[in-house]
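Quick notes on the structure that follows.
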Amino acid sequence: MPIRILADEVASQIAAGEVVERPASVVKELMENSLDAGSQRIELRVVNAGKDLVEVSDDGCGIPAEELRLAVARHATSKLNSAEDLFRIETLGFRGEALASIASVSRLTLISREKNAEIGKKIVVEGGKLIASESVGIPVGTLVRVENLFFNVPARLKFLKSDLTEKNQIVQLVSRYTLAYPQVRFRLVQDDKEVLHSHGRNNRREVLAQVYGSDLAKQMLEVELEDEDIHIAGFISPVGVSRSNRREITFFVNGRWVQDAGLSTALIQAYHTLLMVGRYPIAMLFVEIPPDLVDVNVHPAKAEVRFRDADRVFRAVQRAVKRALLAYSPAPQLNTPNWQSSTFDSVVDPAWGMAHDGDVAQPAIEPGEPAGQINQQPVHLPTDSLPLLRVIGQVGAAYLVAEGPDGLYLIDQHAAHERVLFEKFMREAGKEIPSQALLHPQTFDLPPQAASVLQSQLEVLNRWGFEVEYFGGNAFRVRRIPAILSGMDPIAAVRALVEDFEEDETPLQTEIEARVIARVCKRAAVKAGQILSGEEQAALVRDLERCQSPRTCPHGRPTMIHLSVDLLERQFGRRGSR
Ligand code: ADP
Ligand code: MG
């Protein structure tokens, strides 16, 4: 094919691809425009995960009627004059391509009234073409309505994740901005449901509670550091609260949300050995730095920045975080059990009754657990069964040593117990799962995205021995938990499950069930470090012998190492070593 200049329409769709990847990108660009316009109030309405409608209205400075058409043209901006301006950008936008890009892949209505104008104006652009223009009466400010996103690029639509995921992206995005701009009043309505509302009273702690729930707000530590011209503020989680991924680490640099691996690493390093391997803090940190010390023009969606002196910024972040962690001395926590007397049939072998550690302040988490891979027991026979084993003893309070007709077995007590519980649970499928009522139902709240995830999975949870109900807003109430979790913190158990649900973007329902069960079993299983009596050791091995897949835990890790007689003989030079 000969080289040709692309048609305008194609070129703008390609450009749009960089800016508008998904509905949340539209929300981000429109919200940023409203912030640049000095708005005090920003209202967002989203329908059908943003595919049908994203509407953002503000009370900002507005756009002059005669410039409306220009606002949706490519490379048209009021925020930049010359190339030098690029190095002192104080606005979120500067490329003048967001509205044009969005307009090329949707039907975009732009209505605006400038501060001193008598009347407002409205234009409608579809697939980049102007289809209507008229005067309208509206209050000062701007309203942008984006309908039928990607109607002319069906491939984009196909690449979108599930509605739940796209919706969560939007809630997470707006939540972050709400916290970054505590002086602005945000309201987000998704499918006619208000999912987020901040008061704009310029109080970050208050926003944290409004948006992320009062539980988290109470726990988070405040960060504040002034280092010459660098200012760092925000919140970080205390040592006892962590996540299995970095997704809840948020940095804003000069009011701009950036995903910067260097900043995250600086933060994580500041926790040093305080967190277990594979665990990450929750953090929302806001870095302010003179604009000429940071290049914001290095990423198509402006999600990355480059610092002139990155090390200095990283050091400041570390100092700020360490100082906040040090200033906080944890109060000892008493775990008072509030259980009704046990009148239920436990699924746990009575010999195990005392084997649980009731303390879940620091749940035992194994590093590197493969998310989303739950090894379900095979339905086919013959099974991978074990021979009868004779228990010899326990090593390092973590492994059992046993002897069988074919050699020596080293058994990981935690993994083995997980497997035993998992199969017991699976056998109960369809039957009533033994569960235990809490003496006092406990209420807790979650960040909005986690709340919507939990809401969508309540039924599954309740099928497996929980009784968790939606309590309005982002709050839930736990009334019962599976009997095998008795004595443990019910809220921590539910939270751990929600974290699992969030791990995977579009888990299959069957996988979710298996994961709920695997997670419950993991919590209930004896931990490494627990000394087991001879009776308990024997009971565990007996139960394991009865399992269909005794050799792996529900997450697919081995439960045992087998040293065959043959191997032992070879290793000791008794046979076949020539
Ligand atoms: P950029 O933000 O990079 O300038 P955009 O395409 O997002 O580019 O917006 C183009 C122009 O439209 C902006 O420079 C601004 O002048 C105007 N504009 C867009 N949204 C708003 C708004 N909500 N309030 C006031 N002006 C706006
Ligand atoms: Mg913009």
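The values are calculated or read from the model by the stated rules, or taken from the named source; none is laboratory data. These numbers come from a predicted model, not from an experiment. Neighbour counts are summed over all protein chains in view; Cβ atoms, including those assigned to glycine, are modelled from backbone coordinates with ideal geometry.
Among the residues of region 14-52, those that are away from ligand 1 (no atom under 16 Å from the Cβ) and either crowded, with 20+ Cβ neighbours inside 10 Å or on the phi > 0 side of the Ramachandran plot (or both) comprise Arg22, Pro23, Val46, Asn48, Ala49, Gly50, Lys51. Of the strands (runs of 3 or more DSSP E) that lie entirely inside region 156-229, those containing 2 or more residues that are within 30 Å of Ile289 (Cβ to Cβ) span 185-190, 221-227.
Which ones in region 65-79 are within 12 Å of ligand 2 (Cβ to nearest atom), of a type in the set (D, E, K, R) and within 15 Å of Ile111 (Cβ to Cβ)? Within region 65-79, no residue meets the criteria. Any residue at all in region 51-63 that's touching a helix residue (DSSP H, G or I) at 6+ places or on another chain (Cβ under 9 Å) and over 23 Å from Arg113 (Cα atoms)? Checking region 51-63: at least one residue is touching a helix residue (DSSP H, G or I) at 6+ places or on another chain (Cβ under 9 Å) and over 23 Å from Arg113 (Cα atoms). Here Leu92, Leu80 are screened, and the one residue that is in a loop (DSSP other than H, G, I, E, B), without any contact (Cβ under 8 Å) to a residue 24 or more places away in the chain, in contact with a helix residue (DSSP H, G or I) (Cβ under 8 Å, 6 or more places away or on another chain) and not hydroxyl-bearing (Ser, Thr, Tyr) is Leu80. Look through Glu84, Glu90, Glu114 and report the one residue that is within 16 Å of Ala37 (Cβ to Cβ) and surrounded by fewer than 18 Cβ atoms within 10 Å (Cβ to Cβ). Residue meeting the stated conditions: Glu90. Scanning region 54-64 for residues that are assigned to a loop (DSSP other than H, G, I, E, B), within 16 Å of ligand 2 (Cβ to nearest atom) and of a type outside the set (A, V, I, L, M, F, W, C) yields Gly60, Gly62. Give the residues of region 260-295 that are more than 19 Å from Ala320 (Cβ to Cβ) and modelled with pLDDT of 90 or more, sorted by residue number. Within region 260-295, Pro291, Asp292, Asp295 qualify.
Being among the β-branched types (Val, Ile, Thr), surrounded by 15 or more Cβ atoms within 10 Å (Cβ to Cβ) and in contact with a helix residue (DSSP H, G or I) (Cβ under 8 Å, 6 or more places away or on another chain) is true for just one of Val140, Val174. Which residue is that?
Working: Val140 fails: in contact with a helix residue (DSSP H, G or I) (Cβ under 8 Å, 6 or more places away or on another chain).
Every option except Val174 fails the conditions.
When Ser101 is tested against (1) outside any strand (DSSP E or B); (2) polar (S, T, N, Q); (3) under 22 Å from Gly38 (Cβ atoms); (4) in contact (Cβ under 8 Å) with a residue 24 or more places away in the chain, exactly one condition is not met: (3).
Residue-wise test of (1) among the acidic types (Asp, Glu); (2) at positive phi; (3) within 12 Å of ligand 1 (Cβ to nearest atom).
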position: Leu70; (1), (2), (3): no, no, yes
position: Ile89; (1), (2), (3): no, no, yes
position: Gly96; (1), (2), (3): no, yes, yes
position: Ile131; (1), (2), (3): no, no, no
position: Ser135; (1), (2), (3): no, no, no
position: Val140; (1), (2), (3): no, no, yes
position: Val144; (1), (2), (3): no, no, yes
